[in-house]
């Protein structure tokens, strides 16, 4: 059984109230656009999550094993470049 189509990069973006108020919806959209533009749809998965209970650090992104706090839309390109 082959794992050729299994994602190896996972990005979780909190969609709790505080994160949404601070731009998480746009982050989700931007990450998905970057993954698509880089033709990474088979190797990367962008997933929206419920609240991660880190509201004071909103918006929260989990990229692999890295927890990223107060993430901004303009940081997405660099994060994809560095971690994916």
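When both bridge partners sit in the chain, DSSP labels roughly 50% of those beta bridges antiparallel. Residue separation of residue 41 and residue 17 scaled by 0.36 nm, minus their Cα-Cα distance, works out to 5.9 nm of gained length.
Rounded, prolate or oblate: pick one for the range 9-83, where a ≥ b ≥ c are the square roots of the eigenvalues of its C-alpha gyration tensor, a/c under 1.5 means rounded, and failing that, prolate if a/b is larger than b/c, else oblate. Since a/c reaches 1.5 and a/b is larger than b/c, the shape of the range 9-83 is classed as prolate. Helix 24-37 axis versus longest C-alpha principal axis of the chain: approximately 20°, rounded to the nearest ten. Subtracting the Cα-Cα distance of residue 9 and residue 55 from 0.36 nm times their residue separation leaves 14.1 nm of extension gain.
For the peptides 28-41, 63-76, 6-19, residues were scored by their other Cβ atoms within 10 Å and the scores averaged per peptide; the highest-first order is 6-19, 28-41, 63-76. Across the range 9-83, the relative contact order, built from alpha-carbon pairs under 8 Å that are at least six residues apart, equals 42 percent.
Every number here is computed from the coordinates shown, using simple stated rules; none is lab data. Predicted model only: the values in this text are computed from it and were never measured. A quick note on method: Cβ atoms are made from the backbone with ideal geometry, for glycine too, and the neighbour counts reach across all protein chains shown.
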